[in-house]
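So the structure is just underneath, and the comments pick up after that.
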Amino acid sequence: MFKKRQIGNTNLMVTELGFGAATFGNLYRPMADEAAQLSIKKAIDLGLNQFDTAPFYGFGLSERRVGNALREYDSNDFVLSTKVGRILEPCAKAEDKYGFCSPMPFEPKYDYSYDGIMRSFEHSIQRLGLSKIDILYMHDIGRVTHGDDHERLFKIAMEGGYKAMDELRSQGLVSAIGLGVNEYEVCEQAMDHGYFDCFLLAGRYTLLEQKSIESFLPRCLKENSSIVLGGPYNSGILATGVKHEGVIPHYNYEPASKDIINTVAKIESICQEYNVPLAAAALQFPLAHPSVVSVIPGLSSANRVETTVAQMQYDIPSDFWSALQSSGLLSTDVPVPSAK
């Protein structure tokens, strides 16, 4: 069984390993309904209690599958998160788009307004078919996503969207609110406008990236806002490594640069020296920071769940982390896991 950690000031306790369900939206390839059902069953059987989805994942498909799989369980036995910030509008026919091969005939439209957040929440409850959502994240706000339109949308999000989310929290309709984003800078910006219990931060505190430790993670500790770390493999490169012929390593949703490939190759060499799977190191590293309560990789099958659980429980020697630090691949100021 996995240890549980507390989300912010809430009563929510989440397992250190969570379940990211973007793949349930047929991300990059179709997935059978039965495979989704079996993967969540396997996760619960192995002790996981945290499940994350979003309307954007397959345009409602992921939420439907997650809800169908969790419905047979006591709602006290799992912590469920989904996201707001997009409304799904019906369209003429289903199309493969945004990386999803989904049969759902909807087009996602950004809406961070008060009314948009409330509508999105109500729609998610219906799609999930469950009586509760524990954590509600505002999805994909930020300059990297919205470019020159960021300031306008951020103003709407903080003046309208945050107000709606705060009301849902104060009314007990959700237990926690936060942002679900790929950039930590917008999290710091949002913290100036209200209290967020947690942030689902994808890929910005990993074996490859620790810049967020300079100001954001210390502020989270100070204000008791928890980090749920998504994308621990940085789009796959920290799972596959770079030494397999014919495999194009991906970093941050695109083919990796030579500098990134060279850095991962050095990390991989130290992994081989200490007989440590690269993916195990990538999963376990973020949890050494006290602001990080959980790591949630994408899980697409019962076999993947089993493999990931084994990697999370792999006994990594302290000398391995020391070797990364002495090689300059990790700063000596960065906390590292202790041996199990």
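The values are calculated or read from the model by the stated rules, or taken from the named source; none is laboratory data. Just so we're clear, the structure is a prediction, and the values are computed from it rather than from any experiment. No Cβ is skipped: glycine too gets one built from the backbone with ideal geometry, and neighbour counts run over all protein chains shown. Side chains included, ligands, DNA and RNA excluded: accessible areas come from the protein's heavy atoms. Shrake-Rupley method; radii C 1.70, N 1.55, O 1.52, S 1.80 Å.
Taking the mean number of other Cβ atoms within 10 Å as a proxy for protection, how do you rank 213-219, 303-309 from highest to lowest?
Put in order of decreasing packing, that is 303-309, 213-219.
So, in nm, how far is label LEU221 from label ASP149 when the simple model puts each one 7 Å beyond its Cα toward the Cβ?
Calculated label separation equals 3.8 nm.
What percent does the relative contact order of the stretch 158-213 come to when contacts are Cα pairs within less than 8 Å and at least six residues apart?
The value is 31 percent.
How tilted is helix 61-70 with respect to the longest principal axis of the chain? Cα atoms for both, answer in degrees (0 to 90, nearest 10).
The answer is roughly 80 degrees.
Please determine, in degrees from 0 to 90 and to the nearest 10, the orientation of helix 302-312 with respect to the longest principal axis defined by the Cα atoms of the chain, where the helix direction is its Cα long axis.
It works out to around 50 degrees.
For the stretch 105-115, what does the Karplus curve 6.51 cos²θ - 1.76 cosθ + 1.60, with θ = phi - 60°, yield as ³J(HN,Hα) per residue in whole Hz, taken in order and with x for Gly and Pro?
For the stretch 105-115, the Karplus-derived couplings read x, 9, 10, x, 10, 5, 7, 9, 6, 4, 5 Hz, x marking Gly and Pro.
Of all accessible surface on the stretch 143-261 at a 1.4 Å probe, what whole percent is carbon and sulfur?
51 percent
If you average the sequence gap of Cα pairs under 8 Å that are 6 or more apart and divide by the length of the stretch 163-265, what percent do you get for the contact order?
Once normalised by length, the contact order is 20 percent.
Please calculate how many Å² of accessible area the chain carries per residue, with a 1.4 Å probe and no DNA, RNA or ligand atoms counted.
Accessible area per residue, the chain: 43 Å².
Using a 1.4 Å probe on the protein heavy atoms, what percent of the accessible area of the stretch 1-53 belongs to carbon and sulfur?
Here it works out to 51 percent.
Where the centroid of each part is defined by its Cα atoms, how far is the stretch 240-319 from the stretch 173-230 in Å?
Here the answer is 21 Å between Cα centres.
Here is the link list: LYS109/LYS222; LYS41/LYS222; LYS4/LYS42. Which ones come out longer than 25 Å on Cα distance?
Cα-Cα > 25 Å for LYS109/LYS222; LYS41/LYS222; rest within.
Could the peptides 314-321, 24-31, 46-53 be put in order, highest first, of the mean number of other beta-carbon atoms found within 10 Å of their residues?
Taking the mean over residues of other Cβ atoms within 10 Å, the ranking is 46-53, 24-31, 314-321.
Compute the long axis of helix 258-273 from its Cα atoms, compare it with the longest principal axis of the Cα atoms of the chain, and write down the angle in degrees, 0 to 90, nearest 10.
60 degrees
For a quick protection proxy, order the peptides 200-207, 252-259, 8-15 by their average other-Cβ count within 10 Å, most packed first.
200-207, 8-15, 252-259
Evaluate the relative contact order of the chain (contact order divided by residue number), counting alpha-carbon pairs under 8 angstrom at least 6 apart; express in whole percent.
Normalised by residue count, the contact order of the chain is 18 percent.
Enumerate the amide H contacts of GLY8 below 5 Å, restricted to partners 5 or more residues apart or on another chain; note that Pro and chain-start residues carry no placed amide H.
For GLY8, the qualifying residues are SER226.
Can you flag which of LYS83/LYS155; LYS97/LYS163; LYS83/LYS163; LYS83/LYS132 are past 23 Å Cα-Cα?
Where the Cα-Cα span goes over 23 Å, the pairs concerned are LYS97/LYS163.
Helix-only estimate, please: 222 nm mean residue ellipticity of the chain, summing -39500 (n - 2.57) across DSSP H runs of length 4 or more and dividing by its residues, to the nearest 500.
Result for the chain, helices only: -10000 deg cm²/dmol.
Please list the non-local residues whose amide H lies under 5 Å from the amide H of TYR251, H modeled 1.01 Å from N, same-chain partners needing a gap of 5 or more.
ALA256
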